[in-house]
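K.L.:
Please see the structure below; I have some questions.
The values are calculated or read from the model by the stated rules, or taken from the named source; none is laboratory data. Computed from a predicted structure; not experimentally measured. Using ideal geometry, Cβ is built from the backbone for each residue, glycine included, and neighbour counts are taken over all protein chains shown. Calculation scope for accessible area: heavy atoms of the full protein, side chains included, ligands and nucleic acids excluded. Shrake-Rupley method; radii C 1.70, N 1.55, O 1.52, S 1.80 Å.
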Amino acid sequence: MDQRERSIASRSVYEGNILNLRVDDVVMPNGRETKREVVEHSPAVGIVAVQDGCLFLVEQFRYAVRTSILEIPAGIVEKGESPFETACREIQEEIGYRADRMEEIGRLYTSPGFSEEELIFFWAEGLSPSKLPADDDESIVVRKVPISEVWNMIRDGTIRDGKTVAILSRLALEGKIAYH
């Protein structure tokens, strides 16, 4: 059965620096009309940067949740940039390293019930110091955490960032990182 919904009208209600919001009138497969609120957001990347059995995490205050969060380095794909180029730039800006090897390892939608944002994940290894200036609207503390400790940090709520938990869980299931 085709479950696609068909848009019959769309209007922009907000345009911002990192996201836009639109409201669409749609017809559902059963013929019923309803509204869908959609956050338009550029793709973003997340980087699993590993060195000597440790994972690089960044700690930064996230205003929306009013607390500091531990997460993998991440950032928005800028216009004219490929996700790969974004990942290379972001690890230099956020943790001060470049990677000899960087490979795409997966994609996911952050919140497909209301957002079209897609996250593209990269595995980074062969790290060497190479710092780019940080974004002027970020205050980041770099943490290098043994992978064996990460699981307890997820269990006890120290790591609550969804993208970080999702990609690390996937990598553990695939056997790419050890689950302890």
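K.L.:
In whole Å, how far is the Cα centre of the stretch 84-133 from that of the stretch 1-75?
P.N.:
17
K.L.:
What shape does the stretch 38-85 take by its C-alpha gyration tensor, where a ≥ b ≥ c are the square roots of the eigenvalues and a/c under 1.5 counts as rounded, a/b above b/c as prolate, and the rest as oblate?
P.N.:
oblate
K.L.:
Shifting gears a bit: Say each of residue 148 and residue 8 gets a label point 7 Å from the Cα, pointing the same way as Cα to Cβ; how far apart are those two points in nm?
P.N.:
Output for this residue pair reads 6.2 nm.
K.L.:
Where the only charges are on Cβ atoms (+1 Lys, Arg; -1 Asp, Glu), what is the dipole of the stretch 1-41 about its Cα centre, to the nearest 20 debye?
P.N.:
The dipole of the stretch 1-41 has a size of about 80 debye.
K.L.:
Also, I was wondering about something else. Given a 1.4 angstrom probe, I'd like the percentage of the accessible area of the chain that is carbon and sulfur, rounded to a whole number.
P.N.:
49
K.L.:
Let me know the shape class of the stretch 93-180, please: from the alpha-carbon gyration tensor, a ≥ b ≥ c as square roots of the eigenvalues, rounded when a/c is under 1.5, otherwise prolate if a/b is greater than b/c, or oblate.
P.N.:
Because its axes are fairly even, with a/c under 1.5, the stretch 93-180 counts as rounded.
K.L.:
Still on this structure, I have one more. For the chain, compute the number of Lys pairs whose alpha carbons are separated by less than 30 Å, excluding pairs fewer than 8 positions apart on the same chain.
P.N.:
Lysine pairs meeting both conditions in the chain amount to 10.
K.L.:
For the chain, give the magnitude of the charge dipole about the Cα centre (Cβ charges: +1 Lys/Arg, -1 Asp/Glu; no others), in debye to the nearest 20.
P.N.:
480
K.L.:
Residue 33 accessible area, nearest 10 Å², 1.4 Å probe?
P.N.:
The accessible area of residue 33 comes to roughly 120 Å².
K.L.:
Before I look further, what does the stretch 125-180 give for accessible area per residue, probe 1.4 Å, in whole square angstrom?
P.N.:
62
K.L.:
When the dipole is taken about the Cα centre of the stretch 1-103, and only Lys, Arg (+1) and Asp, Glu (-1) are charged at their Cβ, what size is it in debye, to the nearest 20?
P.N.:
Its charge dipole is roughly 440 debye.
K.L.:
Remind me, relative contact order of the chain in percent, using alpha carbon pairs under 8 angstrom and six or more residues apart?
P.N.:
Answer for the chain is 20 percent.
K.L.:
Related question: Quickly rank 63-75, 83-95, 9-21 as a protection proxy: mean count of other C-beta atoms within 10 Å, highest first.
P.N.:
Packing order, densest peptide first, comes out as 83-95, 63-75, 9-21.
K.L.:
Just want the answer: with Cβ charges of +1 for Lys and Arg and -1 for Asp and Glu, which residue in 172, 39, 139 is farthest toward the dipole's positive end in the chain?
P.N.:
Of the listed residues, the answer is 172.
K.L.:
I need the shape label for the stretch 86-139. Rule: rounded when a/c is under 1.5, else prolate if a/b > b/c, else oblate, with a, b, c from the alpha carbon gyration tensor.
P.N.:
oblate
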